[in-house]
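Below you'll find the structure, written out as structure tokens, and then a few comments.
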Amino acid sequence: MSHFLEVRIMPQATLPLYTDDMTLINIHVGVQKRDGKVYYFTGCLPFYHHREDDRDSFKHIVCQMLSNGKVTRSEIARAFKIPPRSISRWKEAFTKEGEGCFFVKKNIACPHLHPRNSSKNNHSSFRRLRKV
């Protein structure tokens, strides 16, 4: 009979410690506005922040959390009072165009020069301008 010391380690659960001024998206993710910034928490650890008026960063983190499975579309819609269809459009753009889709400068005066609407042939006039 062999004498091995058997050690059983119980996994330590991290308790979510949310303050009263925090909005819960679900039991795992919370949001808090503080000093003109919005902070996102999982458990008691912050994992992202952006300026309160930065809509592009907000859309980015929402899509990132949706992609990672941290939240659902209905949880985001309920927490931030946003129409679910808007969230679906953001997620669709995020999936098709990648993480930078919200940070591309939009040229309102010349929408045909916007990267989403351009093809190889549309940039020929733009290339001519650079050569001069």
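Per-structure values
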{"item": "All positions within the range 72-91 that are touching a residue at least 40 places away in the same chain (Cβ under 8 Å) and buried (at least 16 other Cβ atoms within 10 Å of the Cβ)", "result": "Glu75, Ile76, Ala79"}
{"item": "Any hit, the range 93-102, residues being under 23 Å from Ile27 (Cα atoms) and charged (D, E, K, R)", "result": "no"}
{"item": "Residue list for the range 92-113, filter: under 23 Å from Tyr39 (Cα atoms) and either modelled with pLDDT of 95 or more or surrounded by fewer than 12 Cβ atoms within 10 Å (Cβ to Cβ) (or both)", "result": "Gly98, Glu99, Gly100, Phe103"}
{"item": "Qualifying residue in the range 4-21 (condition: at pLDDT 90 or above, part of a loop (DSSP other than H, G, I, E, B) and surrounded by 10 or more Cβ atoms within 10 Å (Cβ to Cβ))", "result": "no"}
{"item": "Every residue from the range 56-71 that is of a type in the set (D, E, K, R) and closer than 14 Å to His28 by Cβ", "result": "Lys70"}
{"item": "For Asn26: the one exception among (1) at pLDDT 90 or above; (2) not in a loop (DSSP other than H, G, I, E, B)", "result": "(2)"}
{"item": "Boolean, His50 is touching a residue at least 24 places away in the same chain (Cβ under 8 Å), within 16 Å of Glu99 (Cβ to Cβ) and either part of a helix (DSSP H, G or I) or not hydrophobic (A, V, I, L, M, F, W, C) (or both)", "result": "no"}
{"item": "Filtered residue count, the range 53-71, keeping only those that are part of a loop (DSSP other than H, G, I, E, B) and surrounded by 12 or more Cβ atoms within 10 Å (Cβ to Cβ)", "result": "3"}
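The values are calculated or read from the model by the stated rules, or taken from the named source; none is laboratory data. None of these values were measured; they are calculated from a predicted model. As a convention, Cβ positions derive from the backbone with ideal geometry for all residues, glycine included, and neighbour counts pool all protein chains shown.
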